[in-house]
Structure formats: C-alpha cells, structure tokens
Amino acid sequence: MNTGCNISLWMDLLDDSLQARPSLQADIQADVAIIGAGYTGLWTAYYLKRHAPQLRIVILEGETAGFGASGRNGGWLMGNLLGEDRLLTGLSPAQRKASFELLHGIPDEVAEVIAREGIDCDLRKGGVLYCAARYPEQEVRLREYLAHLRALGLGDEDYRWLMPNELAEQLHVANANGALYSPHCATIQPAKLVRGLARCVAGMGVELYERSPVIDWQPGLVRTEKAHVTADWVVPAIEGYATTLPPFGNHQLPVQSLIVASEPLSADTWAGIGLARGQAFSEFSRQVTYGQRSLDDRLIFGARGGYRFGGGLRSDFNLTDGELALRRYLIGEIFPQLRNVRFTHSWGGNLGMARRFKPHMLRDRGNRIALSGGYGGEGVGASNLGGRTLADLILGRDSELLRQPWVLSDSPVARLSRWEPEPCRWLGYNAIIRSFVHEDAVLANPRSAVWRRRLAQALAARLERLMC
Ligand SMILES: Cc1cc2nc3c(=O)[nH]c(=O)nc-3n(C[C@H](O)[C@H](O)[C@H](O)COP(=O)(O)OP(=O)(O)OC[C@H]3O[C@@H](n4cnc5c(N)ncnc54)[C@H](O)[C@@H]3O)c2cc1C
C-alpha cells in the first residue's frame, strides 16, 4: 500500500489550495531580504514588522510557504532547544534560570501571537511525556537525564517523574516503568501554523514571492533566475536546505526524519491509550521517536531517518517498506493494540543539523546577514525564538534575547563549527546510526545477555558523545 502524500498529512488536511503566490519578476530594493518561507523566515518577518512597520521586507521562497520542514513536522512545539544543557552549563545559576524561563515561555509566546493574529493551528498545551518503556535500560537513562536536569536547577514544576500508575492517568504504554513529564510543550497542526503565519505577514505588508528559488547571494544582494533583490540585510532561513546555498552547507547538514499517520481512531481505542489533552509523547530510546494524537484523532508517529552522502536532499518521501515496517514495529511495541493499525499517510522532510548539535542565532555584520538554525529536529519552538532574536539583532534592539549563549551577536558565519569533509561525514553519521539501531535491537530482545546489553549501550553512548 502506498501511503505517501504530496507534502504531508497536515498539508492534505488544509482547506487551502496551496496556490503559489507570484514569483519575483523584477529587481527590487528592500531593507531585509529573507530566503525561505518556513517558520524561521516568517517569524523573523513577523517580529521585524511588529517592531518596525516601516521596513520593506521581502521573502523569497523556492516553492510555496511551508514546503520545507515547517509544513511536515511532528507538531511538537517545545519550550527548549537541542543541546540546551550543554549550552547553559557554563552559566551562573541566575543566568541559567533566566535562560530556562525564556525557553520555557516559547509555547506561551506562540499561543499569544496566534490568538492575537487569529491563526488557528490546533494548539493544545498538554506537555510532553518521555516514557521509560520497551526495555528497562530506558528507565535508567531517563532517570540519569532527570538527575542532570536537577543539577541544572530545574525542579518538579519543570520536569516531574511519573510512576507507572501516574503515567497511566495520561497515557497507556506497554511495559512502562514510568515517565518524565514536562509541561513546557504544546502540540500543533504544523501546516496550519506555517500557512497562517504566511497569510499573517503578507497582511502586514511583507512581500512574499513564491516559486522564486535563490540561486546565489552576496552581501546586500540575493539573486533568483529572473531578478534580484538588494537589501541592507539578508536572512538565509533555509535550515535543512543549507547545502544548496554556499557556504551555509559547511555548517548545517540535511538529515531526514520520517513520519506515519494512522486513520482516525475510535473513541474506544483512544480510551485505551489516553493523550486526551494534546500531550506529546516519546519513548526514551536513541531512535528519536515522537508522537501526538491529532485533533482529528489520528496517531502521528515519527522516528529518525537518515543522512545522504554529500548532504544530498531527499525529495521523494514515499517511504520504503523497511521504513514503514520500522515505524509499525515501534508503534506495535508501544501500543500492542495498534500493531495492525492502518496508516493513511506517510511522509518526511529535511531538517538542519549543526556540527556541534546545538542551534545558533547569529549576526554577521561583515556579510550583512542574520542567521538562525541548526535546530536539529527541534525547530518548531526554536524558530519562534530565532525569529524574535534575529529581529532584535537586525534592528539593534537591546534585549534579554541577545544575552543568551546560543546568540553570536557579531560573528562571521565562518566561525560556526564546520562539518568534516566527505566521506568522513557519511561514515561517521552511519556508524553512529548503526550503533543506535544495534543497541535498540539488543536491548529490545529480552534474551540478550547482560554483557551484550552493556556493550551495545556503551558503544552507542560513546559514539553519541563523540558527535557532540
Ligand atoms: C519529519 C520532521 C518532523 C519534525 N518534527 C518536529 C517536531 O515535532 N518538533 C520540532 O520542534 N521540530 C520538528 N522538526 C523540525 C522542524 O520542523 C524544523 O526545525 C523547522 O520547521 C525549521 O523551520 P525553518 O523555517 O528553519 O526551515 P524550513 O521549514 O525547512 O523552511 C525552509 C524553506 O526554505 C525554502 N528554500 C530552501 N532553499 C531555498 C532557496 N535557495 N531559495 C528560496 N527558498 C529556499 C524551502 O522551500 C523551505 O520552505 C521536524 C522536522 C521534520 C523534517
């Protein structure tokens, strides 16, 4: 059965023709030229217009707004950043507290904007459940992670351990040994957010040109096939597509993540699962699983995909039998009653991974660019923070947003960590993923000997640390 779809289930569900806006036909001059109409580009345009309505802002989108990861993701709107524990480690407790408050406030900031602007994106702030399931080692790792969060100063109000009976009040997962619950997460219908944001900024006077891929840039200038834009600032907001526009691909590689969606499930089925408040959920393996119950009662479930040699983009997201089978297997392990559930949709997308596995928000005065990215699969909330931060960097506004360890206020792009040349990237990435897959297979097999379990874990953990 081919469960593929054009872009994503989310786009299919829209009451929106996805008719492309006009493309750029003539040379123009602007204050800010943004490349890419995903969340990062659109949030940047939104906050720039809020603070400085007089600015002429142009967005050039290669396809249509939301074509990238923003129209395809799993809909976790998280109040944190990838690698935040490493980013915040060196700060004083007071600074760290302020940074965590900023991060934890992201879902509420998005909720406030969408309420103000009339964007309905099914936002429900039900928090997130990281479940210790499938095998006992998940509990050990999850409790270690909680201890680490505690050492960073986070308390029960931010992350709380749930015993299996407490977890069962929210979610029924097979073989659960407990879960970590955080309230700082909401779920959304991603395409509704990105398409709503595009309409919103267009209504504010931002000029959005679609089917206008940028083929080249230099300080103060971006070029499409037909015309160019001169601008004081350029914002390359192309996250998973950075390899298409040098030199950004040296710092940010495309990685794919893949999702399936079930048919809408009955009220009885959901009564046996839970997730009644729009909670996001995951099990704590290194397969990077993520799920939610959509507002129309589907199970949405994703897991890590792959990396292509040379940073090649993936455009065909008809999942292979093997890719579908892995997701079905994981769903069946977590929810045995859904082992044979019907998938109606499957899709995926390219996301951007920075070399040190932590995001950056940067202003490069020499090249007149402002850049936010490297979200590494956790960009739904991070891109809102990125948009706010880039607006302040461009406008020279002094704000708390700029006093954060992920912000490089005046730094050449070249100072971002570079990925190693091929074939090192491909070999390294695949060695790591193979170690994760091997670890998962060993740990999921109750007959695996203790020494094999320990060895598989040690190898995966070692390689994971090497990556960062
Ligand atoms: C399958 C999947 C699941 C995910 N799940 C989650 C999740 O649940 N929670 C979470 O926080 N994050 C998730 N992410 C990551 C998140 O979706 C992204 O980090 C976020 O959407 C990035 O937004 P962006 O605007 O920076 O990039 P994108 O949304 O990718 O936008 C970039 C845009 O630039 C355009 N473009 C590219 N090159 C050019 C060019 N040369 N000229 C003009 N336009 C160009 C593209 O067409 C695209 O529209 C997921 C990602 C994927 C792929």
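The values are calculated or read from the model by the stated rules, or taken from the named source; none is laboratory data. In this text, all values refer to a predicted model and were calculated from it rather than measured experimentally. Positions of Cβ are generated from backbone atoms using ideal geometry, with glycine treated the same way; all protein chains shown enter the neighbour counts. These accessible areas exclude ligands, DNA and RNA; they are computed on the full protein's heavy atoms, side chains included. Shrake-Rupley method; radii C 1.70, N 1.55, O 1.52, S 1.80 Å.
The table below gives the values:
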| item | result |
| --- | --- |
| Overall form of the chain per C-alpha gyration tensor (a/c, 1.5; a/b vs b/c) | prolate |
| Crossing angle, helix 321-334 versus the chain [Cα axis fit, 0-90 degrees, rounded to tens] | 60 |
| Centre separation in Å (Cα based) which lies between segment 406-456 and segment 249-291 | 21 |
| Contour excess over end-to-end distance, with Cα ends at Glu400 and Asn430 and 0.36 nm allotted per residue | 6.9 nm |
| In degrees, nearest ten, helix 106-117 long axis to first principal axis of the chain (Cα) | 50 |
| 1.4 Å probe accessible area per residue over segment 421-468, in Å² | 64 |
| Mean residue ellipticity (222 nm) of the chain, computed from DSSP H runs ≥ 4 via -39,500 (n - 2.57), nearest 500 | -10000 deg cm²/dmol |
| Ranked packing of 20-33, 413-426, 369-382, 179-192, most packed first, by mean Cβ within 10 Å | 369-382, 179-192, 20-33, 413-426 |
| Inter-probe distance in nm under a simple model that places probes 7 Å from Cα toward Cβ, at Arg454 and Trp161 | 2.3 |
| Cross-link reach list, lysines versus Lys97, counting only Cα pairs under 22 Å and skipping chain neighbours closer than eight places | Lys125, Lys358 |
| Relative contact order of segment 11-81, defined on C-alpha pairs under 8 angstrom at six or more residues apart (%) | 37 |
| For segment 84-102 versus segment 195-229, the gap between their alpha-carbon centres in whole angstrom | 35 |
| Positive minus negative residues near Gly377 (Lys, Arg vs Asp, Glu; Cβ under 11 Å) | -1 |
| Cα long-axis angle, helix 190-203 against the chain (0 to 90 degrees, to the nearest 10) | 20 |
| Percentage relative contact order, the chain, counting C-alpha pairs under 8 Å, at least six apart | 22 |
| Global form of segment 231-352, assessed from the alpha-carbon gyration tensor, a/c cut-off 1.5 | prolate |
| Modelled FRET efficiency - R0 60 Å, Ser266 with Arg415, Cβ distances, 0.05 increments | 0.65 |
| Percent carbon-and-sulfur accessible area, the chain, ignoring ligands, DNA and RNA, probe 1.4 Å | 52 |
| Nearest-20 debye value, the chain charge dipole, Cβ charges on Lys, Arg, Asp, Glu | 1140 |
| Radius 12 Å from Cβ of Ile238, net charge of other residues (Lys, Arg +1; Asp, Glu -1) | -3 |
| Cβ-defined net charge surrounding Thr64, 12 Å radius [Lys, Arg +1; Asp, Glu -1] | -1 |
| Among 50-62, 153-165, the order from most to least packed when residues are scored by Cβ within 10 Å on average | 50-62, 153-165 |
